[in-house]
Amino acid sequence: MSMNDELQRKLAGLYMISVMVILIGIVFSIILHWDYVIVAGNYLMGTMVNLSPGFPGLPVALLILLTPIITIVGYLVISRGEDKATFMYAVTIALYLIINALLVWI
Amino acid sequence: MDFVILIATTVFAGFVGSILGLGGGIIMVPVLVIVFDFPIISAVGTSLVAIVITSAAASSVYLKRGIVSLPMAFRLELYTVLGATMGGLSAPYLPARLVAISFGVVLLWTAYQMAKRSFSKTKGLSAAKNDNRKEWGFEQVNKNSRGKGYISGISAGLVSAILGVGGGVIKVPIMHLLLGAPIKKSTATSAFMIGITASAGAVHYLGGGYVNPMAAIIVAGSVFIGARIGAVIAPKIKSDYINLAFSLILVYSAIRMFLKG
């Protein structure tokens, strides 16, 4: 197995863990909002959904958006800069994503 | 019944998205707007969150198989993001109709080139033959082609920000036609990249309160299933068929551009 294959295999594992955490969050969110989702049938109506920070769906949506940043940071840690050029490109994209998110939330 | 339509549509969007390296927004957004009365801005925001899941679900399979080109993904992604930032800043000053029509023409030409590869059996251009070159690596691409790829990446980001076109429709042809990557490597790498692009955009929609979190997580759960099925099936599909299906998506996108113009 080449270094690149090994790197990709580890990244795949990281992606899978992130997705599993998100899916568990989705299940819990739906359980917490069972009345909205199924019983009242209002699962799609924007007016019925509370967008406040305490709303159980919001942390899950945030978690979903964090997945690419987690993966790129994972790449930086796992690859340890063996391919310097690619490493620098990944650092720049990670910084861009983090600054982009901070600009929205601050 | 609505619930069943939503689940079925998003499972299908995830399936198509992961096979062709697209986000699936091309399917999800119209359904959310037409069937579920979502405001367009909320449909796009919700769809972007789901695209991140499509990308993660498909990428975890493609990475495990070692068919994602990380050097190509990170380089192209940076130039696309640069272009998108430029596009976001210059959008108010550019003639959007002219850009839409010009881009429609480019999409049609690209569709023709992709379809030609499916049918060309004699000149060694066939997608199947191209895909047999297992040894393809980004480091083999010459500087001239890389330069063209980077410039196209900037243009792709620019057009994407001005016209709201999904990244995969542009990135796959750049990798396949300009950089010479096999079609399956191109779609797998695109599936990896679209998550990064979508998350950058979705943050703004979420911050602005345009994402319906409950709908987003239901849609995300469905696209996950579709994307996983698509990623598992993708290697078994003939490259020529993937090329042809992609050409049809390009023609559809071109028609949308002409209507916009």
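Residues that are facing another protein chain (nearest Cβ under 7 Å), under 18 Å from A:I69 (Cβ atoms) and open to solvent by 10 Å² or more (accessible area, probe 1.4 Å) within the stretch B:67-85 comprise B:L78, B:V81, listed in sequence order.
Taken over the stretch B:16-44, residues that are under 18 Å from B:S160 (Cβ atoms) and of a type in the set (D, E, K, R) amount to 0. Do we have A:V37 as at the interface with another protein chain (Cβ under 9 Å from one of its Cβ atoms), modelled with pLDDT under 75, surrounded by 14 or more Cβ atoms within 10 Å (Cβ to Cβ) and assigned to a helix (DSSP H, G or I) here? Against the criterion (at the interface with another protein chain (Cβ under 9 Å from one of its Cβ atoms), modelled with pLDDT under 75, surrounded by 14 or more Cβ atoms within 10 Å (Cβ to Cβ) and assigned to a helix (DSSP H, G or I)), A:V37 qualifies. Within 30 Å of B:P39 (Cα to Cα) and not β-branched (V, I, T): is that true of B:P182 in this structure? Here the answer is no, as B:P182 does not meet what is asked.
For the stretch A:64-87, a residue qualifies if it is at the interface with another protein chain (Cβ under 9 Å from one of its Cβ atoms) and farther than 27 Å from B:A50 by Cα, and the qualifying residues are A:S79, A:D83, A:A85, A:T86, A:F87.
One line per residue, one yes/no per condition, for (1) within 19 Å of the chain's Cα centre (by Cα); (2) outside any helix (DSSP H, G or I); (3) within 30 Å of B:S145 (Cβ to Cβ); (4) at pLDDT below 90:
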residue: B:T9; (1), (2), (3), (4): yes, no, no, yes
residue: B:G17; (1), (2), (3), (4): yes, no, yes, yes
residue: B:G23; (1), (2), (3), (4): yes, yes, yes, yes
residue: B:I27; (1), (2), (3), (4): yes, no, no, yes
residue: B:S47; (1), (2), (3), (4): yes, no, no, yes
residue: B:A57; (1), (2), (3), (4): yes, no, no, yes
residue: B:Y79; (1), (2), (3), (4): yes, no, yes, no
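Residues of the stretch B:21-66 that are small (G, A, S), at the interface with chain A (Cβ under 7 Å from one of its Cβ atoms) and open to solvent by less than 10 Å² (accessible area, probe 1.4 Å): B:A56, B:A57, B:S59, B:S60.
The values are calculated or read from the model by the stated rules, or taken from the named source; none is laboratory data. The structure presented is a predicted model; accordingly, all values stated were derived computationally and were not measured. Cβ atoms come from the backbone with ideal geometry, glycine included; neighbour counts cover every protein chain shown. Protein only, heavy atoms only, side chains kept; ligands, DNA and RNA dropped before computing areas. Shrake-Rupley method; radii C 1.70, N 1.55, O 1.52, S 1.80 Å.
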